[in-house]
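Enquirer: Just dropping this structure here.
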There are 2 protein chains.
Amino acid sequence: MSEPATPASVPRRGRKSEMSRGQILDAAARMLRRQGYGSTTLRSIAEVAGIQAGSIYYHFASKDEIMDAVMERGVRAVIDAVREALDTLPNDASHQRRIETAVGAHLQALLSHGDYTSASIRTYGEVPVAFKQKSLQLQQTYVALWQDMLAAAQADGAIRQDLDPHILRPLLLGSLNWTVEWYDPNQRPVEDIAAQAVDMLFHGILPDS
Amino acid sequence: MSEPATPASVPRRGRKSEMSRGQILDAAARMLRRQGYGSTTLRSIAEVAGIQAGSIYYHFASKDEIMDAVMERGVRAVIDAVREALDTLPNDASHQRRIETAVGAHLQALLSHGDYTSASIRTYGEVPVAFKQKSLQLQQTYVALWQDMLAAAQADGAIRQDLDPHILRPLLLGSLNWTVEWYDPNQRPVEDIAAQAVDMLFHGILPDS
DNA sequence: GTCTATACCTGGATAGAC
DNA sequence: GTCTATCCAGGTATAGAC
(Lines give C-alpha, C1' and ligand atoms only; values in the text may rest on other atoms or scores of the structure.)
Protein backbone atom coordinates (compact mmCIF):
# COMPACT_ATOMS: atom_id res chain seq x y z
CA MET A 1 0.00 0.00 0.00
CA SER A 2 1.95 3.06 -1.22
CA GLU A 3 1.48 6.51 0.26
CA PRO A 4 -0.15 9.24 -1.77
CA ALA A 5 2.53 11.83 -2.53
CA THR A 6 0.67 14.49 -0.61
CA PRO A 7 -1.87 13.67 2.07
CA ALA A 8 -4.94 15.75 1.47
CA SER A 9 -4.83 17.24 4.97
CA VAL A 10 -1.35 18.70 4.57
CA PRO A 11 -1.27 22.17 3.05
CA ARG A 12 0.91 22.43 -0.02
CA ARG A 13 4.38 23.75 0.59
CA GLY A 14 7.72 23.64 -1.10
CA ARG A 15 9.53 20.41 -1.81
CA LYS A 16 12.27 20.96 0.73
CA SER A 17 9.79 21.68 3.48
CA GLU A 18 7.82 18.57 2.64
CA MET A 19 10.93 16.50 2.82
CA SER A 20 12.07 17.64 6.21
CA ARG A 21 8.60 17.39 7.56
CA GLY A 22 8.45 13.84 6.40
CA GLN A 23 11.79 13.00 7.95
CA ILE A 24 10.73 14.49 11.24
CA LEU A 25 7.55 12.44 11.21
CA ASP A 26 9.43 9.28 10.30
CA ALA A 27 11.88 9.85 13.13
CA ALA A 28 9.11 10.67 15.58
CA ALA A 29 7.13 7.58 14.65
CA ARG A 30 10.18 5.43 15.17
CA MET A 31 10.95 6.88 18.58
CA LEU A 32 7.33 6.83 19.70
CA ARG A 33 7.00 3.20 18.77
CA ARG A 34 10.06 2.26 20.79
CA GLN A 35 9.79 4.58 23.77
CA GLY A 36 6.32 5.98 24.03
CA TYR A 37 5.34 9.61 24.31
CA GLY A 38 7.01 10.70 27.52
CA SER A 39 10.43 9.31 26.71
CA THR A 40 10.52 10.62 23.18
CA THR A 41 12.38 13.91 23.12
CA LEU A 42 12.52 16.52 20.42
CA ARG A 43 16.29 16.33 20.58
CA SER A 44 16.27 12.62 19.82
CA ILE A 45 13.78 13.10 17.00
CA ALA A 46 16.01 15.79 15.56
CA GLU A 47 19.06 13.58 15.80
CA VAL A 48 17.39 10.73 13.94
CA ALA A 49 16.05 13.16 11.35
CA GLY A 50 19.51 14.61 10.90
CA ILE A 51 18.71 18.18 11.93
CA GLN A 52 18.92 20.36 15.03
CA ALA A 53 16.17 20.39 17.63
CA GLY A 54 15.34 24.04 17.10
CA SER A 55 14.72 23.44 13.40
CA ILE A 56 11.73 21.30 14.17
CA TYR A 57 9.74 24.38 15.08
CA TYR A 58 9.78 25.58 11.53
CA HIS A 59 7.59 22.61 10.65
CA PHE A 60 5.61 22.03 13.82
CA ALA A 61 4.40 24.33 16.55
CA SER A 62 4.85 21.87 19.39
CA LYS A 63 5.66 18.33 20.36
CA ASP A 64 1.95 17.55 20.63
CA GLU A 65 1.41 18.61 17.06
CA ILE A 66 4.00 16.07 15.90
CA MET A 67 2.32 13.44 18.02
CA ASP A 68 -1.06 14.03 16.56
CA ALA A 69 0.31 14.03 13.04
CA VAL A 70 2.05 10.70 13.57
CA MET A 71 -1.00 9.09 15.11
CA GLU A 72 -3.29 10.45 12.42
CA ARG A 73 -1.08 9.03 9.74
CA GLY A 74 -1.00 5.69 11.50
CA VAL A 75 -4.77 5.44 11.72
CA ARG A 76 -5.24 6.81 8.24
CA ALA A 77 -2.96 4.23 6.69
CA VAL A 78 -5.14 1.49 8.10
CA ILE A 79 -8.53 3.02 7.45
CA ASP A 80 -7.62 3.92 3.87
CA ALA A 81 -6.33 0.44 3.16
CA VAL A 82 -9.42 -1.24 4.57
CA ARG A 83 -11.83 1.08 2.80
CA GLU A 84 -10.07 0.64 -0.49
CA ALA A 85 -10.00 -3.13 -0.14
CA LEU A 86 -13.71 -3.19 0.65
CA ASP A 87 -14.53 -0.86 -2.21
CA THR A 88 -12.69 -3.11 -4.61
CA LEU A 89 -14.94 -6.05 -3.78
CA PRO A 90 -17.87 -6.77 -6.10
CA ASN A 91 -21.10 -5.28 -4.83
CA ASP A 92 -22.60 -8.66 -4.18
CA ALA A 93 -19.67 -9.94 -2.11
CA SER A 94 -20.78 -11.93 0.91
CA HIS A 95 -20.47 -10.63 4.46
CA GLN A 96 -17.99 -13.37 5.09
CA ARG A 97 -15.88 -12.23 2.18
CA ARG A 98 -16.04 -8.62 3.36
CA ILE A 99 -14.89 -9.47 6.86
CA GLU A 100 -12.10 -11.63 5.53
CA THR A 101 -10.98 -8.81 3.25
CA ALA A 102 -11.09 -6.24 6.05
CA VAL A 103 -9.02 -8.41 8.38
CA GLY A 104 -6.42 -8.97 5.69
CA ALA A 105 -6.19 -5.32 4.73
CA HIS A 106 -6.05 -4.23 8.35
CA LEU A 107 -3.17 -6.55 9.15
CA GLN A 108 -1.33 -5.77 5.95
CA ALA A 109 -1.50 -2.02 6.50
CA LEU A 110 -0.76 -2.33 10.20
CA LEU A 111 2.38 -4.33 9.72
CA SER A 112 3.75 -2.62 6.65
CA HIS A 113 3.52 0.90 8.07
CA GLY A 114 5.01 -0.46 11.26
CA ASP A 115 6.37 2.65 12.91
CA TYR A 116 3.34 4.84 12.36
CA THR A 117 0.73 2.28 13.23
CA SER A 118 2.65 0.94 16.21
CA ALA A 119 3.30 4.44 17.48
CA SER A 120 -0.36 5.19 17.05
CA ILE A 121 -1.50 2.16 18.96
CA ARG A 122 1.03 2.47 21.73
CA THR A 123 0.73 6.19 22.21
CA TYR A 124 -2.99 6.34 21.94
CA GLY A 125 -3.91 5.68 25.54
CA GLU A 126 -0.92 7.55 26.84
CA VAL A 127 -1.57 11.11 25.79
CA PRO A 128 -4.23 13.58 26.93
CA VAL A 129 -7.27 13.88 24.70
CA ALA A 130 -6.33 17.44 23.83
CA PHE A 131 -3.20 16.21 22.05
CA LYS A 132 -4.95 13.87 19.66
CA GLN A 133 -7.87 15.74 18.27
CA LYS A 134 -7.43 14.81 14.65
CA SER A 135 -6.44 11.20 15.21
CA LEU A 136 -9.24 10.67 17.70
CA GLN A 137 -11.93 11.46 15.17
CA LEU A 138 -10.43 9.19 12.55
CA GLN A 139 -10.15 6.41 15.06
CA GLN A 140 -13.81 6.67 15.97
CA THR A 141 -14.75 6.61 12.33
CA TYR A 142 -12.75 3.45 11.89
CA VAL A 143 -14.35 1.72 14.83
CA ALA A 144 -17.75 2.61 13.43
CA LEU A 145 -16.82 1.04 10.10
CA TRP A 146 -16.18 -2.29 11.80
CA GLN A 147 -19.16 -2.04 14.04
CA ASP A 148 -21.44 -1.43 11.07
CA MET A 149 -19.89 -4.21 9.03
CA LEU A 150 -20.32 -6.73 11.82
CA ALA A 151 -23.83 -5.58 12.68
CA ALA A 152 -24.88 -5.84 9.04
CA ALA A 153 -23.45 -9.34 8.81
CA GLN A 154 -25.29 -10.36 11.92
CA ALA A 155 -28.55 -8.83 10.73
CA ASP A 156 -28.34 -10.97 7.61
CA GLY A 157 -27.55 -14.08 9.59
CA ALA A 158 -24.02 -14.33 8.26
CA ILE A 159 -22.58 -14.49 11.76
CA ARG A 160 -24.04 -16.07 14.87
CA GLN A 161 -26.98 -14.31 16.46
CA ASP A 162 -25.93 -15.06 20.02
CA LEU A 163 -22.71 -13.06 19.86
CA ASP A 164 -22.59 -9.48 21.10
CA PRO A 165 -20.91 -7.37 18.40
CA HIS A 166 -19.83 -4.88 21.06
CA ILE A 167 -17.71 -7.62 22.60
CA LEU A 168 -16.74 -9.30 19.36
CA ARG A 169 -15.38 -6.14 17.76
CA PRO A 170 -12.88 -5.07 20.44
CA LEU A 171 -11.78 -8.67 20.98
CA LEU A 172 -11.08 -9.01 17.28
CA LEU A 173 -9.44 -5.65 16.74
CA GLY A 174 -7.40 -6.09 19.91
CA SER A 175 -6.09 -9.36 18.63
CA LEU A 176 -5.12 -7.79 15.32
CA ASN A 177 -3.64 -4.63 16.80
CA TRP A 178 -1.50 -6.54 19.22
CA THR A 179 0.35 -8.13 16.32
CA VAL A 180 2.52 -5.03 16.13
CA GLU A 181 4.06 -6.14 19.42
CA TRP A 182 5.12 -9.59 18.30
CA TYR A 183 5.01 -9.97 14.53
CA ASP A 184 8.37 -10.66 12.96
CA PRO A 185 8.49 -10.29 9.15
CA ASN A 186 11.54 -12.55 9.04
CA GLN A 187 9.56 -15.43 10.45
CA ARG A 188 6.42 -15.52 8.34
CA PRO A 189 4.65 -13.48 5.69
CA VAL A 190 1.77 -11.33 6.86
CA GLU A 191 -0.56 -13.42 4.75
CA ASP A 192 -0.02 -16.42 7.00
CA ILE A 193 -1.08 -14.48 10.06
CA ALA A 194 -4.09 -13.05 8.27
CA ALA A 195 -5.16 -16.43 6.94
CA GLN A 196 -5.00 -18.10 10.33
CA ALA A 197 -6.67 -15.19 12.08
CA VAL A 198 -9.61 -15.34 9.68
CA ASP A 199 -9.78 -19.10 9.90
CA MET A 200 -9.87 -19.02 13.69
CA LEU A 201 -12.35 -16.20 13.68
CA PHE A 202 -14.73 -18.04 11.41
CA HIS A 203 -14.36 -21.63 12.53
CA GLY A 204 -12.78 -21.63 15.97
CA ILE A 205 -9.98 -23.85 17.15
CA LEU A 206 -11.83 -27.06 17.94
CA PRO A 207 -11.58 -29.93 15.45
CA ASP A 208 -14.56 -30.50 13.18
CA SER A 209 -16.91 -32.63 15.22
CA MET B 1 0.05 -10.75 53.94
CA SER B 2 0.15 -10.63 57.78
CA GLU B 3 3.35 -10.03 59.76
CA PRO B 4 4.69 -12.77 62.00
CA ALA B 5 4.57 -11.86 65.68
CA THR B 6 7.86 -10.32 66.76
CA PRO B 7 8.98 -9.25 70.25
CA ALA B 8 8.60 -5.49 70.56
CA SER B 9 12.22 -5.05 71.56
CA VAL B 10 13.52 -6.48 68.28
CA PRO B 11 13.67 -3.93 65.51
CA ARG B 12 12.32 -5.14 62.23
CA ARG B 13 10.95 -3.97 58.96
CA GLY B 14 7.68 -2.82 60.39
CA ARG B 15 4.16 -2.34 59.27
CA LYS B 16 4.63 1.33 58.48
CA SER B 17 7.34 0.67 55.92
CA GLU B 18 5.30 -2.01 54.21
CA MET B 19 2.36 0.32 54.06
CA SER B 20 4.13 3.20 52.41
CA ARG B 21 5.83 0.90 50.00
CA GLY B 22 2.44 -0.41 49.00
CA GLN B 23 1.02 3.06 48.58
CA ILE B 24 3.93 4.08 46.40
CA LEU B 25 3.42 1.04 44.19
CA ASP B 26 -0.31 1.66 43.97
CA ALA B 27 0.28 5.24 42.97
CA ALA B 28 2.96 4.28 40.47
CA ALA B 29 0.76 1.64 38.88
CA ARG B 30 -2.04 4.13 38.51
CA MET B 31 0.16 6.75 36.87
CA LEU B 32 1.92 4.24 34.64
CA ARG B 33 -1.36 2.93 33.39
CA ARG B 34 -2.57 6.37 32.49
CA GLN B 35 0.58 8.04 31.26
CA GLY B 36 3.21 5.47 30.47
CA TYR B 37 6.75 5.36 31.74
CA GLY B 38 8.21 8.60 30.45
CA SER B 39 5.42 10.85 31.62
CA THR B 40 5.17 9.31 35.06
CA THR B 41 7.20 11.39 37.49
CA LEU B 42 8.34 10.61 40.99
CA ARG B 43 6.78 13.84 42.13
CA SER B 44 3.38 12.81 40.82
CA ILE B 45 3.71 9.35 42.33
CA ALA B 46 4.57 10.94 45.65
CA GLU B 47 1.61 13.28 45.45
CA VAL B 48 -0.83 10.46 44.80
CA ALA B 49 0.76 8.40 47.58
CA GLY B 50 0.46 11.34 49.95
CA ILE B 51 4.16 11.78 50.69
CA GLN B 52 7.06 13.89 49.47
CA ALA B 53 9.14 12.90 46.47
CA GLY B 54 12.34 12.52 48.46
CA SER B 55 10.70 10.04 50.80
CA ILE B 56 10.35 7.52 48.01
CA TYR B 57 14.06 6.82 48.16
CA TYR B 58 13.73 5.27 51.55
CA HIS B 59 11.75 2.48 49.91
CA PHE B 60 13.22 2.30 46.41
CA ALA B 61 16.65 3.04 45.02
CA SER B 62 15.46 4.46 41.71
CA LYS B 63 12.54 5.04 39.42
CA ASP B 64 13.41 1.91 37.45
CA GLU B 65 13.18 -0.17 40.56
CA ILE B 66 9.61 1.00 41.12
CA MET B 67 8.83 0.25 37.51
CA ASP B 68 10.07 -3.27 37.68
CA ALA B 69 8.25 -3.89 40.93
CA VAL B 70 4.96 -2.70 39.45
CA MET B 71 5.35 -4.76 36.31
CA GLU B 72 6.38 -7.83 38.22
CA ARG B 73 3.33 -7.55 40.40
CA GLY B 74 1.13 -7.14 37.36
CA VAL B 75 2.44 -10.26 35.67
CA ARG B 76 2.49 -12.21 38.89
CA ALA B 77 -1.15 -11.48 39.62
CA VAL B 78 -2.11 -13.05 36.32
CA ILE B 79 0.24 -16.00 36.36
CA ASP B 80 -0.68 -16.89 39.93
CA ALA B 81 -4.38 -16.71 39.19
CA VAL B 82 -4.10 -18.89 36.10
CA ARG B 83 -1.88 -21.46 37.76
CA GLU B 84 -4.15 -21.71 40.75
CA ALA B 85 -7.23 -22.07 38.59
CA LEU B 86 -5.57 -24.83 36.58
CA ASP B 87 -4.35 -26.60 39.71
CA THR B 88 -7.86 -26.63 41.10
CA LEU B 89 -9.17 -28.57 38.12
CA PRO B 90 -9.55 -32.33 38.48
CA ASN B 91 -6.58 -34.23 37.09
CA ASP B 92 -8.61 -35.67 34.26
CA ALA B 93 -10.01 -32.36 33.11
CA SER B 94 -10.16 -32.08 29.34
CA HIS B 95 -7.87 -29.82 27.34
CA GLN B 96 -10.89 -27.84 26.36
CA ARG B 97 -11.79 -27.34 29.98
CA ARG B 98 -8.27 -26.29 30.85
CA ILE B 99 -8.12 -23.68 28.12
CA GLU B 100 -11.51 -22.36 29.08
CA THR B 101 -10.38 -22.10 32.69
CA ALA B 102 -7.15 -20.36 31.80
CA VAL B 103 -8.90 -17.77 29.64
CA GLY B 104 -11.37 -17.03 32.41
CA ALA B 105 -8.70 -16.73 35.10
CA HIS B 106 -6.50 -14.60 32.88
CA LEU B 107 -9.28 -12.14 32.17
CA GLN B 108 -10.52 -12.08 35.72
CA ALA B 109 -7.06 -11.34 37.12
CA LEU B 110 -6.24 -8.89 34.37
CA LEU B 111 -9.32 -6.80 34.88
CA SER B 112 -9.55 -6.93 38.66
CA HIS B 113 -5.95 -5.84 39.25
CA GLY B 114 -6.48 -3.19 36.63
CA ASP B 115 -3.77 -0.69 37.44
CA TYR B 116 -0.94 -3.18 37.86
CA THR B 117 -1.79 -5.36 34.90
CA SER B 118 -2.54 -2.41 32.61
CA ALA B 119 0.65 -0.67 33.67
CA SER B 120 2.52 -3.87 33.03
CA ILE B 121 1.10 -4.35 29.56
CA ARG B 122 1.43 -0.76 28.52
CA THR B 123 4.85 -0.16 29.94
CA TYR B 124 6.33 -3.43 28.85
CA GLY B 125 7.45 -2.50 25.36
CA GLU B 126 8.34 1.00 26.40
CA VAL B 127 11.22 0.51 28.80
CA PRO B 128 14.76 -0.75 28.23
CA VAL B 129 15.35 -4.39 29.00
CA ALA B 130 17.67 -3.47 31.85
CA PHE B 131 14.74 -1.93 33.73
CA LYS B 132 12.57 -5.01 33.73
CA GLN B 133 14.76 -7.89 34.70
CA LYS B 134 12.47 -9.50 37.19
CA SER B 135 9.25 -8.97 35.29
CA LEU B 136 10.80 -10.17 32.04
CA GLN B 137 11.57 -13.61 33.40
CA LEU B 138 8.09 -14.03 34.83
CA GLN B 139 6.57 -12.97 31.57
CA GLN B 140 8.52 -15.56 29.63
CA THR B 141 7.47 -18.22 32.09
CA TYR B 142 3.88 -17.24 31.56
CA VAL B 143 4.11 -17.38 27.80
CA ALA B 144 5.65 -20.84 28.08
CA LEU B 145 2.73 -21.99 30.21
CA TRP B 146 0.30 -21.11 27.43
CA GLN B 147 2.47 -22.47 24.71
CA ASP B 148 2.74 -25.80 26.50
CA MET B 149 -0.95 -25.97 27.25
CA LEU B 150 -1.88 -25.32 23.63
CA ALA B 151 0.74 -27.69 22.26
CA ALA B 152 -0.43 -30.45 24.57
CA ALA B 153 -4.01 -29.92 23.51
CA GLN B 154 -3.04 -30.07 19.88
CA ALA B 155 -0.93 -33.19 20.39
CA ASP B 156 -3.99 -34.93 21.81
CA GLY B 157 -6.18 -33.76 18.97
CA ALA B 158 -8.23 -31.47 21.19
CA ILE B 159 -7.62 -28.52 18.92
CA ARG B 160 -7.24 -28.43 15.16
CA GLN B 161 -4.05 -29.84 13.71
CA ASP B 162 -3.78 -27.27 10.96
CA LEU B 163 -3.36 -24.29 13.28
CA ASP B 164 0.08 -23.00 14.17
CA PRO B 165 0.22 -22.60 17.97
CA HIS B 166 2.90 -19.94 17.58
CA ILE B 167 0.36 -17.80 15.77
CA LEU B 168 -2.64 -18.90 17.78
CA ARG B 169 -1.08 -18.05 21.13
CA PRO B 170 -0.14 -14.41 20.53
CA LEU B 171 -3.40 -13.77 18.68
CA LEU B 172 -5.33 -15.12 21.65
CA LEU B 173 -3.31 -13.45 24.38
CA GLY B 174 -3.30 -10.20 22.45
CA SER B 175 -7.04 -10.26 22.28
CA LEU B 176 -7.29 -10.87 26.01
CA ASN B 177 -4.62 -8.36 27.00
CA TRP B 178 -6.16 -5.63 24.95
CA THR B 179 -9.30 -5.77 27.08
CA VAL B 180 -7.57 -3.53 29.61
CA GLU B 181 -7.89 -0.75 27.05
CA TRP B 182 -11.63 -0.96 26.55
CA TYR B 183 -13.31 -3.04 29.25
CA ASP B 184 -15.76 -1.08 31.37
CA PRO B 185 -16.90 -2.84 34.55
CA ASN B 186 -20.02 -0.68 34.64
CA GLN B 187 -21.20 -2.11 31.35
CA ARG B 188 -20.85 -5.85 31.77
CA PRO B 189 -19.43 -8.36 34.22
CA VAL B 190 -16.06 -9.88 33.33
CA GLU B 191 -17.74 -13.25 33.06
CA ASP B 192 -19.65 -12.13 29.98
CA ILE B 193 -16.45 -11.17 28.20
CA ALA B 194 -14.77 -14.41 29.19
CA ALA B 195 -17.71 -16.52 28.11
CA GLN B 196 -17.93 -14.95 24.69
CA ALA B 197 -14.18 -15.01 24.19
CA VAL B 198 -14.08 -18.74 24.90
CA ASP B 199 -17.11 -19.37 22.76
CA MET B 200 -15.60 -17.52 19.81
CA LEU B 201 -12.25 -19.17 20.33
CA PHE B 202 -13.74 -22.64 20.28
CA HIS B 203 -16.51 -22.34 17.72
CA GLY B 204 -15.84 -19.25 15.64
CA ILE B 205 -18.38 -16.64 14.64
CA LEU B 206 -20.09 -18.33 11.69
CA PRO B 207 -23.54 -19.81 12.28
CA ASP B 208 -23.74 -23.59 12.65
CA SER B 209 -23.91 -24.88 9.11
C1' DG C 1 10.33 7.02 58.05
C1' DT C 2 9.49 11.41 56.39
C1' DC C 3 10.58 16.04 55.74
C1' DT C 4 12.96 20.27 53.50
C1' DA C 5 16.29 21.99 50.64
C1' DT C 6 18.88 21.73 46.89
C1' DA C 7 22.27 19.93 43.22
C1' DC C 8 22.42 18.89 38.73
C1' DC C 9 20.60 17.78 34.30
C1' DT C 10 17.61 17.52 30.49
C1' DG C 11 13.20 18.77 28.63
C1' DG C 12 10.35 21.95 25.39
C1' DA C 13 10.43 26.14 23.45
C1' DT C 14 12.11 30.92 21.59
C1' DA C 15 15.20 34.49 19.28
C1' DG C 16 17.96 36.02 15.93
C1' DA C 17 21.98 35.13 12.74
C1' DC C 18 22.77 33.14 8.38
C1' DG D 1 14.90 26.40 6.11
C1' DT D 2 18.34 25.55 9.40
C1' DC D 3 21.65 26.84 12.77
C1' DT D 4 23.40 28.35 17.49
C1' DA D 5 22.53 29.99 21.80
C1' DT D 6 19.78 30.32 25.54
C1' DC D 7 15.66 30.53 28.90
C1' DC D 8 13.32 28.31 32.37
C1' DA D 9 10.42 24.67 34.08
C1' DG D 10 10.56 20.34 35.71
C1' DG D 11 12.97 15.80 36.03
C1' DT D 12 15.79 12.36 39.20
C1' DA D 13 18.40 11.98 42.93
C1' DT D 14 21.03 13.28 47.37
C1' DA D 15 21.98 15.28 52.13
C1' DG D 16 20.92 16.08 56.50
C1' DA D 17 17.45 17.73 60.05
C1' DC D 18 13.77 15.89 62.65
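Enquirer: Post the alpha-carbon centroid distance, region B:122-140 to region A:52-80, in whole angstrom.
Expert: The two parts, judged by their Cα centres, are 28 Å apart.
Enquirer: Are there any residues in region B:109-142 with a reduction of at least 10 Å² in accessible surface when going from the isolated chain to the assembly of protein chains? Probe 1.4 Å, please list them by number.
Expert: Checking the loss per residue gives B:121, B:122, B:125, B:126.
Enquirer: Treat every Asp and Glu Cβ in the protein assembly as shown as -1 and every Lys and Arg Cβ as +1, leave all other atoms uncharged, and give the resulting dipole magnitude about the Cα centre to the nearest 20 debye.
Expert: In debye, rounded to 20, the protein assembly as shown gives about 1940.
Enquirer: A follow-up question, please. What residue among A:66, A:147, B:203 has its Cα farthest toward the positive end of the dipole of the protein assembly as shown, where the charges are +1 on Lys, Arg and -1 on Asp, Glu, each on the Cβ?
Expert: A:66
Enquirer: Over region B:63-203, calculate the relative contact order: mean separation of alpha carbon pairs under 8 Å at least 6 apart, over the residue count, as a percent.
Expert: 34
Enquirer: Carbon and sulfur together cover what percent of the accessible area of the protein assembly as shown at a 1.4 Å probe radius?
Expert: The computed percentage sits at 50.
Enquirer: Can you tell me the 0 to 90 degree angle between the C-alpha axis of helix A:133-155 and the longest principal axis of chain A, rounded to 10?
Expert: 10
Enquirer: Excluding ligands, DNA and RNA, what is the accessible area buried between chains A and B, summed over both sides, using a 1.4 Å probe, to the nearest 100 Å²?
Expert: Interface between A and B: roughly 4100 Å².
Enquirer: To one decimal in nm, how far is residue B:134 from the same spot in the other copies, if labels go 7 Å from Cα toward Cβ? Please give the shortest first.
Expert: Values, ascending and in nm: 4.3.
Enquirer: What's the average, rounded to a whole number, of partner chain beta-carbon atoms within 10 Å of each residue's beta-carbon in A:28-38?
Expert: If you average over the peptide's residues, the count of other-chain Cβ atoms is 3.
Enquirer: If you don't mind, there's one more thing I want to ask. Between residue A:130 and residue B:47, what's the calculated FRET efficiency when r is the beta-carbon distance and R0 is 25 Å? Round to 0.05.
Expert: After rounding, the FRET efficiency stands at 0.75.
Enquirer: Hey, another quick one. Do any of A:63/A:132; A:132/B:132; A:63/B:132; A:132/B:63 go past 20 Å between their Cα atoms, and which?
Expert: A:132/B:132; A:63/B:132; A:132/B:63
Enquirer: Another question, if that's okay. Dipole of region B:63-203, Cα-centred, from +1 at each Lys and Arg C-beta and -1 at each Asp and Glu C-beta, to the nearest 20 debye?
Expert: Approximately 180 debye in magnitude.
Enquirer: Below 15 Å, Cα to Cα, which aspartates and glutamates can residue B:134 reach? Residues fewer than 8 away in the same chain don't count.
Expert: Straight-line reach from residue B:134, under 15 Å: B:64, B:65, B:68, B:72.
Enquirer: How long, wide and thick is chain A, going by the Cα atoms along their three principal axes, in whole angstroms, largest first?
Expert: 64, 33, 30
Enquirer: Identify, among B:25, A:77, B:194, the residue whose Cα sits farthest towards the positive end of the charge dipole of the protein assembly as shown, taking +1 on the Cβ of Lys and Arg and -1 on the Cβ of Asp and Glu, with the dipole about the Cα centre.
Expert: The residue sitting most towards the positive pole is B:25.
Enquirer: When ligands, DNA and RNA are left out and all protein chains stay put, how many square angstrom of accessible area per residue does the protein assembly as shown have with a 1.4 Å probe?
Expert: Here the residues of the protein assembly as shown average 50 Å² of exposed surface.
The values are calculated or read from the model by the stated rules, or taken from the named source; none is laboratory data. Predicted model only: the values in this text are computed from it and were never measured. Ideal geometry is used to build each Cβ from the backbone, glycine not excepted, and the neighbour counts take in all protein chains shown. For accessibility, only protein heavy atoms count, side chains too; no ligands or nucleic acids. Shrake-Rupley method; radii C 1.70, N 1.55, O 1.52, S 1.80 Å.
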